[in-house]
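The values are calculated or read from the model by the stated rules, or taken from the named source; none is laboratory data. Predicted model, so just to flag it, every value in this text is computed and none were measured. Here the Cβ positions follow ideal geometry from the backbone for every residue, glycine too, while neighbour counts run over all protein chains shown.
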């Protein structure tokens, strides 16, 4: 079962298409982590890269409150794999463009 994530819910007001992409990315990452928690690093890095792909030079979808919501979603996924938050933060910081 997927946790409710503000990232998806709140983004729909700004950009429904982006919200759908984020919801799919979150669901896919959650399912992949459930199948293989040992593969958490590539799964979480791929999730962040998908968030990065939603940004353009003119429209920064991951900013302000959305920045915090993106982190919340990432750390919910990391917790799902029982990861050390400090290790997971390194992966987030390595990958993110927001």
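Here are the numbers for this structure:
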quantity: Qualifying residue in segment 31-45 (condition: at pLDDT below 95, assigned to a helix (DSSP H, G or I) and crowded, with 21+ Cβ neighbours inside 10 Å); calculated: no
quantity: Residue in segment 18-29 that is modelled with pLDDT of 95 or more and touching a helix residue (DSSP H, G or I) at 6+ places or on another chain (Cβ under 9 Å) present; calculated: yes
